[in-house]
Amino acid sequence: MKQYDVAAYIWPSYTGKEKRAYQFWEQRIGEWQTVLKAEKRSEDHILPRRPLWGTVDEADPEVMEFQIKEAVRHGVNVFIYDWYWYDRRPFLEQCLDEGFLGAKNNGDMKFYLMWANHDAGYLWDKRQPDVDETIWFGSQPRSEFDIICRRVIDLYFKRPNYYKINGCPVFMIYEIMNFVKGLGGIDEARRALDDFRAMAKAEGFPDIHLQMVVYSENAANVSGVDSNRKGSTKDFVDLLGFDSVTHYQFCHFADCNRDYADMLPDIAAEWERIRTQYSVPYYPHVSVGWDNNPRHNSLTLPIIKNNTPDNVKKCFEMAKEYSDRYNTVPLITVNSWNEWTEMSYLEPDDVYGYGYLEAIRDVFTDFSGDVK
């Protein structure tokens with residue numbers, strides 16, 4: 001059977017090793033603290049949910065050795081790590097540096113980075129999630145971006161299992177408007193990315209494969225960050241020289257306050273719109289669900305309902321068909337491996353067991369039978 005690159009995002013908060021995170025999760029177990037406090041908000045609300053593997057430290061290499069084995073044998077062969085840079089230093093790197101890269105079998109799967117360059121506020125702090133105040137800014141000036149480039153090239157791109165397309169390490173940027181704002185405009189941002197490419201080439205890589213996260217088309221406005229330009233999301237691709245696009249979450253572009261199966265025609269239509277309007281490949285994205293009530297203290301919408309493994313499997317089948325029809329690189333992105341506070345995860349739980357992983361296995365591998 002054809003080999004697919006099924007790439008699941010990793011939210012690297014499930015560890016107590018990041019001291020800067022204690023201000024959000026004072027129990028020093030990372031965001032497991034929030035997961036364990038999740039409560040049912042309505043009669044049809046499927047909360048709380050608990051991980052079958054327990055509230056483990058995902059910066060522990062032995063924990064990640066087990067998770068890598070489980071991921072690979074179910075068809076998940078790439079992890080995309082959410083990667084942060086706040087206040088002139090990295091944040092939440094331990095799950096990647098110590099956990100994944102410390103695991104003896106990390107070479108069995110690939111990984112790459114998504115620079116999660118959004119601002120950080122109090123959403124992670126369940127004691128005050130609705131406080132509208134910025135703690136750290138995600139936008140970065142050129143001096144900081146150059147440090148970031150050097151760091152990711154030296155620490156990550158050079159790893160033999162860093163995910164590459166045509167030999168070029170893939171680097172994803174989450175919030176394009178924040179990126180451009182930090183660099184000072186479109187032209188300055190393009191120069192910074194061109195220099196990033198030059199740095200990688202100087203280290204022997206043919207180039208960098210730059211990937212952009214797409215929201216809805218009107219979620220970004222070029223004139224909002226550069227008064228000399230007009231345009232929307234797709235214009236950033238050509239102006240900045242991105243090589244591909246994908247999504248991070250269905251809630252970024254779709255009405256998620258409904259049944260999962262009812263969303264699928266809209267998801268397919270958005271894939272097709274991007275395919276026909278954008279100048280670069282779109283790699284299809286599947287979100288397992290959306291419900292971020294664990295982070296809040298009262299009912300918060302939207303909530304995707306009936307995101308059963310069978311319904312999510314239908315979306316995996318759509319992604320496979322799209323990939324087979326349109327893309328030479330068989331990459332599918334998935335939200336996510338472990339977003340427990342947004343109820344969008346592949347890790348086994350006490351409601352569906354291994355159901356989501358089995359859905360991936362059934363669609364993307366030729367394995368049959370019980371693997372648990």
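The values are calculated or read from the model by the stated rules, or taken from the named source; none is laboratory data. Since the structure is predicted, the reported quantities are computational estimates derived from the model, not experimental observations. When we count neighbours, we look across all protein chains shown, and the Cβ atoms used for this are built from the backbone with ideal geometry, even at glycine.
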Do we find that residue 131 is of a type in the set (Val, Ile, Thr) and surrounded by fewer than 15 Cβ atoms within 10 Å (Cβ to Cβ) in this structure? yes
With respect to the numbered conditions (1) farther than 21 Å from residue 238 by Cα; (2) touching a residue at least 60 places away in the same chain (Cβ under 8 Å); (3) outside any helix (DSSP H, G or I), which one is the sole condition not fulfilled by residue 151? (3)
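Take the residues in segment 58-90 that are among the hydrophobic types (A, V, I, L, M, F, W, C) and over 15 Å from the mean Cα position of the chain (by Cα); name whichever of them is surrounded by the most Cβ atoms within 10 Å (Cβ to Cβ). Don't jump to the end; show me each part of the working.
Here is the first cut: in segment 58-90, the ones among the hydrophobic types (A, V, I, L, M, F, W, C) are 59, 63-64, 66, 68, 71-72, 76, 78-80, 83, 85.
If we keep only those that are over 15 Å from the mean Cα position of the chain (by Cα) too, we end up with 59, 63-64, 66, 68, 71-72, 85.
On the way: 59: 24, 63: 20, 64: 27, 66: 15, 68: 24, 71: 23, 72: 16, 85: 21.
The qualifying residue surrounded by the most Cβ atoms within 10 Å (Cβ to Cβ) is 64.
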Whichever residue in segment 314-372 is at pLDDT 95 or above, over 21 Å from the mean Cα position of the chain (by Cα) and among the polar types (S, T, N, Q) and, among such residues, is farthest from residue 174 (Cα to Cα): 365
How many residues are buried (at least 21 other Cβ atoms within 10 Å of the Cβ) and assigned to a loop (DSSP other than H, G, I, E, B) if we restrict to segment 5-23? 6
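Counting only residues that are more than 24 Å from residue 192 (Cα to Cα), give me the strands (runs of 3 or more DSSP E) lying completely in segment 59-141 with at least 1 of them. First the steps, then the outcome.
Numbers: elements: 78-86, 89-91, 110-115.
Once the strands (runs of 3 or more DSSP E) in segment 59-141 are filtered for at least 1 residues that are more than 24 Å from residue 192 (Cα to Cα), what remains is 78-86, 110-115.
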Result of the Cβ filter at 6 Å on segment 159-183, keeping first residues that are in a loop (DSSP other than H, G, I, E, B) and partners that are at pLDDT 95 or above and of a type in the set (Gly, Ala, Ser), at least 6 apart or interchain, is 161/107; 174/116
Is it true that some residue in segment 365-372 is of a type in the set (Lys, Arg) and outside any loop (DSSP other than H, G, I, E, B)? no
Against the definition (in contact with a helix residue (DSSP H, G or I) (Cβ under 6 Å, 6 or more places away or on another chain), without any contact (Cβ under 8 Å) to a residue 60 or more places away in the chain and of a type outside the set (A, V, I, L, M)), how does residue 105 come out, yes or no? yes
